[in-house]
Amino acid sequence: MSVLPLEQAKIDLTQLPKFSEIKPSEIQDKVKAAIVNCKETIEKLVTSKEVSYRNVVELLEEADDQLSKLWSPIGHMNSVLSSDELREAHDACLPLLSEYGTFVGQHKGLCDLYIALQQSEEYKSLSQASKKLIDNAVRDFKLSGVALPEKEKTEYAKIRAELSELSSTFANNVMDATLNFTYHTTDEAELSGLPDSAKAAAKQAATAKELDGFLFTLDLPSYLPVMMYADSADLREKMYRAYTTRASEFDTDDGKFNNAPLIKRTLELRQSLASLLGFEHYAEYALQTKMAESPTQVIRFLEDLAEKSKAQAQTEVGELKAFARDKFGISELEAWDYPYYSEKMKQAKYAVSDEVLRPYFPVDKVLNGLFEVVSRLYDVDVVEIEGVDTWHEDVRFFEIRQGDTLRGCFYLDLYARAKKRGGAWMDECRVKRVTAEQQVQVPVAYLTCNFNGPVDGKPALFTHDEVVTMFHEFGHGIHHMLTQITVGGVSGINGVAWDAVELPSQFLENWCWQTEALQFLSAHYETGEPLPEDLLNKLLAAKNYQSAMQMLRQLEFALFDFTLHMQNTAELDVQAFIDEVRRKIAVIIPPEFNRFQNSFSHIFAGGYAAGYYSYKWAEVLSADAFSRFEEEGIFNKHTGRDFLVNILEKGGSDEPMNLFKAFRGREPNIDALLRHSGIGESDAA
């Protein structure tokens, strides 16, 4: 990985946000002005009545892109470096943006122009990408209630605005509840079993707060080591209770951040919105923009996977219980015991653990290895640029180059910190498109994780799971950055069916498990020695450890989400509903106080409502796509180019099934996923 000074950057720096100049006091006025410009543009093109691609599509895309480039860094900073002032300014803009989205979606004059363009002679001569954009727009007008009577249109707008505010409040409550809990101790004996890396991070956190001893939080890099390694069941229980009751009536501030009322109201509004548009329920409405064709198909898919996984999952649980009983005398496993004894059994079976592996995955070695994988597959180079304006000193900036061509850029923000939303994600900063000046705008991405940073003078050291997470997000990133589509609405991840958008991210994870890739992905941070062959073999042998249990857990979340959005919400008890789903699907039933749904941000504050099944749906696609590399060579340049050209570069310009068949030569089947997961035998789906 090359590191170059700012003057050697290929991107025009004026295309990048100036984060240091964002002032919360100015945000609302600037957003209002940008929205006014967008609305004026729409009225001009509708008034002109000119039915042409230039008038209908390009002029509006230009105005919307200006709004997007203004809002993108604001929304991003609110997620990664929030403050009271920024949150207030951000949240004040949400009703404005929601109102604008509804204004566009229900603008009959604009809709009529798109329909006229769809039926014009010019449409026939347009590119596939441009046709897809127009088709999507006509579909989305209908889904936005453009044909509703005025009274219902007003009701739709109110629902959309309130849903936007509820989503933001839900996310804020999860962040605040997470921040609100800390556990401080000066008794090192209480931390028996914890690896040195976890204790060092807890000590550093305490020092930062001017405390002696150790400070633990509910951020995953702090929480997970306690659950997996702490010998003290009391400590594990304390952390588990705090984590699983976040943003609930049980949280540490008398339910101040309780999301239960927000969930109830969100479900009511989603049902109302679906009913307004003539759908039986929200799940049916949500599928209008996805690969899956019906609720029945989704449920059958999830239940089929569950049926194929459950017997093995029950065996895995039984094996774990027997291990805890026979080796440790534990007759009954509590919820906070499962991660601890699972890790103990994994070490007993495979003599490998995250902490043994961690020294072999220092940050720069992993990044170099990731970039090497992408270089071998797609013939691109990743170059770091120093001196770019960012929002925090830990953030790094990179360019992706192919020869002399700049393909894309990304900001990399790897480490957990206060006032940063948990989890890992990729988001757009700039989308690839042709500007009004006929210049191609370079796509730029945000890649965000929440790992432990450097501690005690050591570089940041990652678990193998964290390496997989980094590959996952980078897979999203290159889907956005390597696109060759210059029509903004279907460029990169835009316009991609939601249940196919995880294909490139899950696909790239596969290289984390390939011996050839692991040889250049890993090296001891002190000695530079490669991952020893015996450790490598143990890591690979443990790949599918408890894979059926993990499969069922994800299916539990997916079935809860999807079937929840099929219910009549009038008398719905969400806790009773998730309990019922667990009785049918789960092999481990959590305690009654568990309030998982209250922090399920994917579906209540993200884009996955009635769509969490997408992870498994796309995993079928990704496993089957990777099976071609298994057949032809994991670094086969011809195969890599085929994936680049048929999947990554096409963005949302065509239906995902067409793109998949162009790459794979056939429709996907479920076999590869089950084989990769080490789960039984299967029938083709």
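The values are calculated or read from the model by the stated rules, or taken from the named source; none is laboratory data. The shown structure was predicted, so the numbers you read here are calculated from the model rather than taken from an experiment. Quick reminder, even Gly has a Cβ in these numbers, built from the backbone with ideal geometry, and neighbours come from all protein chains shown.
Annotations for the structure displayed:
- Of the residues making up segment 278-321, those that are closer than 30 Å to Gly489 by Cα and surrounded by 19 or more Cβ atoms within 10 Å (Cβ to Cβ) number 12.
- For segment 346-362, a residue qualifies if it is hydrophobic (A, V, I, L, M, F, W, C) and buried (at least 19 other Cβ atoms within 10 Å of the Cβ), and the qualifying residues are Val352, Leu357, Phe361.
- Qualifying residues in segment 3-53 (those that are in contact with a His (Cβ under 9 Å, 6 or more places away or on another chain) and either β-branched (Val, Ile, Thr) or not in a helix (DSSP H, G or I) (or both)) - the one surrounded by the fewest Cβ atoms within 10 Å (Cβ to Cβ): Val46
- Subset of segment 454-487 (residues that are out of contact with any Gly (no Cβ under 6 Å at 6 or more places or on another chain), outside any helix (DSSP H, G or I) and either within 15 Å of Phe643 (Cα to Cα) or assigned by TED's automatic domain parsing to the domain that holds Val56 (or both)): Leu482, Gln484
- Test for Gly423: is it over 23 Å from Asp64 (Cα atoms), out of contact with any Cys (no Cβ under 9 Å at 6 or more places or on another chain) and either without any contact (Cβ under 8 Å) to a residue 24 or more places away in the chain or surrounded by fewer than 19 Cβ atoms within 10 Å (Cβ to Cβ) (or both): no
- Scanning segment 319-330 for residues that are in a loop (DSSP other than H, G, I, E, B) and over 22 Å from Phe593 (Cβ atoms) gives a single hit, Gly329.
- The lone criterion from (1) among the hydrophobic types (A, V, I, L, M, F, W, C); (2) touching a residue at least 40 places away in the same chain (Cβ under 8 Å); (3) within 30 Å of Glu155 (Cα to Cα) left unmet by Val36 is number (2).
Conditions tested, residue by residue: (1) more than 30 Å from Val146 (Cα to Cα); (2) out of contact with any Phe, Trp or Tyr (no Cβ under 6 Å at 6 or more places or on another chain); (3) hydroxyl-bearing (Ser, Thr, Tyr).
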| residue | (1), (2), (3) |
| --- | --- |
| Thr185 | yes, no, yes |
| Ala202 | yes, no, no |
| Asp253 | yes, yes, no |
| Asn259 | yes, no, no |
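- Filter pass, Pro339 being part of a helix (DSSP H, G or I) and in contact with a strand residue (DSSP E or B) (Cβ under 9 Å, 6 or more places away or on another chain): no
- Some residue of segment 638-648 being within 20 Å of the chain's Cα centre (by Cα) and at pLDDT below 95: no
- So Phe520, is it more than 19 Å from Ser72 (Cβ to Cβ), aromatic (Phe, Trp, Tyr) and surrounded by 19 or more Cβ atoms within 10 Å (Cβ to Cβ): no
- Some residue of segment 488-501 being in a strand (DSSP E or B), aromatic (Phe, Trp, Tyr) and touching a residue at least 40 places away in the same chain (Cβ under 8 Å): no
- Considering segment 250-277, the residues that are buried (at least 17 other Cβ atoms within 10 Å of the Cβ) and among the β-branched types (Val, Ile, Thr) include one that is nearest to Arg139 (Cα to Cα), namely Thr266.
- Within segment 124-171, the set of residues being in contact (Cβ under 8 Å) with a residue 12 or more places away in the chain, part of a helix (DSSP H, G or I), of a type in the set (Ser, Thr, Tyr) and within 22 Å of Thr486 (Cα to Cα) comprises Ser130 only.
- With respect to (1) within 28 Å of Ser275 (Cα to Cα); (2) hydrophobic (A, V, I, L, M, F, W, C); (3) surrounded by fewer than 15 Cβ atoms within 10 Å (Cβ to Cβ), the lone exception for Ala92 is condition (1).
- Residue within segment 483-490 that is modelled with pLDDT of 95 or more and under 30 Å from Asp561 (Cα atoms) present: yes
- Only one entry in Glu516, Glu437, Glu526 is of a type outside the set (Gly, Ala, Ser), outside the structural domain of Glu58 (by TED's automatic domain parsing) and either part of a helix (DSSP H, G or I) or touching a Leu at 6+ places or on another chain (Cβ under 7 Å) (or both), namely Glu516.
- Selected residue (criterion: nearest to Ser353 (Cα to Cα)) from residues of segment 218-276 that are of a type in the set (S, T, N, Q) and assigned to a helix (DSSP H, G or I): Ser222
- Subset tally (residues that are without any contact (Cβ under 8 Å) to a residue 40 or more places away in the chain and either under 16 Å from Leu572 (Cα atoms) or part of a helix (DSSP H, G or I) (or both)) for segment 285-296: 1
- So Ser120, is it surrounded by fewer than 15 Cβ atoms within 10 Å (Cβ to Cβ), more than 30 Å from Gln271 (Cβ to Cβ) and at pLDDT 95 or above: no
- Residue within segment 301-311 that is small (Gly, Ala, Ser), assigned by TED's automatic domain parsing to the domain that holds Met566 and more than 26 Å from the chain's Cα centre (by Cα) present: yes
- Complete set of residues in segment 254-292 that are at pLDDT below 95 and of a type in the set (Asp, Glu): Asp254
- Restricting segment 45-81 to residues that are β-branched (Val, Ile, Thr) and closer than 19 Å to Leu117 by Cα, the residue that is nearest to the chain's Cα centre (by Cα): Val57
- Search result, residues across segment 537-565 that are under 16 Å from Arg358 (Cβ atoms) and within 28 Å of the chain's Cα centre (by Cα): Leu539, Ala542
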